[in-house]
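Let me begin by presenting the structure, written as structure tokens, before commenting on it.
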Amino acid sequence: MPKVTLIAHDGTRRELDIPSGWSLMEGAVQNDVSGIVAECGGGCACATCHVVVDPNWLAKLPAPSATELDLLECTAVPRQANSRLSCQIKLSADLDGLIVQLPERQT
């Protein structure tokens with residue numbers, strides 16, 4: 001099970017073990033992570049599961065789809081070059097150790 005570290009806006013770190021095949025958003029919601037709203041439930045139809053991926057991990061993620069890129073323009077806080085929607089990050093053994101930061105707010 002891949003381990004993921006989520007860093008809240010205040011610097012609080014939380015490590016989660018998330019089953020391979022689940023999205024980062026699913027794992028966060030199932031573990032009651034404050035800061036992931038996920039209004040659309042993972043349908044890539046909102047931007048309330050925005051995360052900022054540690055730059056060292058970007059190359060291990062698939063490129064964002066056109067839909068994800070469009071939604072990243074609608075985040076509650078300005079997007080960064082390494083912003084992604086956590087519903088679009090599928091966990092696998094290759095992502096064991098992934099580190100992401102949560103924005104100050106999602107809505």
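The values are calculated or read from the model by the stated rules, or taken from the named source; none is laboratory data. None of these values were measured; they are calculated from a predicted model. No Cβ is skipped: glycine too gets one built from the backbone with ideal geometry, and neighbour counts run over all protein chains shown.
Taking each residue of region 1-20 that is small (G, A, S) and looking for partners that are assigned to a strand (DSSP E or B) with beta-carbon atoms closer than 9 Å, six or more apart or interchain, yields A8/R14; A8/Q101; S20/K90.
Candidates in region 35-45 are the residues that are out of contact with any helix residue (DSSP H, G or I) (no Cβ under 7 Å at 6 or more places or on another chain) and farther than 18 Å from L98 by Cα; of these, the one that is surrounded by the most Cβ atoms within 10 Å (Cβ to Cβ) is V37.
Scanning region 65-99 for residues that are among the β-branched types (V, I, T) and either closer than 26 Å to P19 by Cα or exposed (fewer than 13 other Cβ atoms within 10 Å of the Cβ) (or both) gives T67, I89, I99.
For region 4-23, a residue qualifies if it is surrounded by fewer than 14 Cβ atoms within 10 Å (Cβ to Cβ) and polar (S, T, N, Q), and the qualifying residues are T12, S20. Looking only at region 90-107, residues that are over 10 Å from the mean Cα position of the chain (by Cα) and among the basic types (K, R) come to 1 in all.
When restricted to residues that are assigned to a loop (DSSP other than H, G, I, E, B) and within 18 Å of T67 (Cβ to Cβ), region 1-36 contains 0. Assessment of region 75-84 against the conditions (within 19 Å of E15 (Cα to Cα) and outside any helix (DSSP H, G or I)) yields at least one matching residue. The sole residue among A47, A63, A59 that is under 12 Å from the mean Cα position of the chain (by Cα) and hydrophobic (A, V, I, L, M, F, W, C) is A47. All of I36, I7 fail the test of being at pLDDT 95 or above and touching a strand residue (DSSP E or B) at 6+ places or on another chain (Cβ under 6 Å), apart from I7. Assessment of region 48-64 against the conditions (surrounded by 18 or more Cβ atoms within 10 Å (Cβ to Cβ), in contact (Cβ under 8 Å) with a residue 12 or more places away in the chain, of a type in the set (A, V, I, L, M) and in contact with a His (Cβ under 9 Å, 6 or more places away or on another chain)) yields no matching residue.
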